[in-house]
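Just below is one structure, and these are the notes that go with it.
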Amino acid sequence: MTKTLREQAREDIARISKTVQLDSNGTEYHFDISKNCFVGEKDGKQWLRGVETDVPAYWWYCPKKTGDSPKGYEVFCRTPHFVLIYQDGEDITCTHCGTTSKIKITKAEV
């Protein structure tokens, strides 16, 4: 019997979430279940790192418009969220602004 993408991702995340990740700059990343990715802090800034899994995963950015800049540009939340391909079309609540949006994964043209 073959596993579904959801089952495979759940197993991969359960296994790797117990580890501490380390990047080339020496920053330690610990798994944050609310963000579904690894979070590290360095120089007062928060850094995110995805989970290594066989399931295709992407960074999805919150599309909520939060206002306009003094120069007339639109300003968006753009908080990154680590999502897996099977979540395409599902609703997600932004961990920063609390807005619920539909995940839409699109292929970027290179």
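Where a number appears in this text, it was derived from the coordinates with a stated rule and is not lab data. These numbers were taken from a predicted model, which means no experiment stands behind them. Note that each Cβ is placed from the backbone with ideal geometry, even for glycine, and that neighbours are counted across all protein chains shown.
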Magnitude of the Cβ-charge dipole of segment 31-110, K/R +1 and D/E -1, about the Cα centre, nearest 20 debye? 280
Can you give the log10 of the normalised intensity I(q)/I(0) at q = 0.16, 0.32 Å⁻¹, computed with Debye over equal Cα scatterers of segment 56-105? -0.47, -1.22
In degrees, nearest ten, helix 5-16 long axis to first principal axis of the chain (Cα): 80
Hey, what D do you get for the chain in µm²/s if you plug the Kirkwood alpha-carbon radius into Stokes-Einstein at 4 °C and 1.567 mPa s? 82
The relative contact order of segment 1-55, taking Cα pairs under 8 Å that sit 6 or more residues apart, comes to a percentage of 31
Measure of compaction for segment 1-55 (Cα Rg per 2.2 N^0.38 Å): 1.27
Segment 1-102: chymotrypsin sites (Phe, Trp or Tyr not before Pro) in DSSP loop, at most 10 other beta carbons within 10 Å: TYR73
Tell me, what is the percent relative contact order of the chain, built from C-alpha pairs under 8 Å that lie six or more residues apart? 18
In the Gaussian network model of the chain, springs joining C-alpha atoms below 10 Å, which of THR95, THR66, THR79 carries the largest mean-square fluctuation? THR66
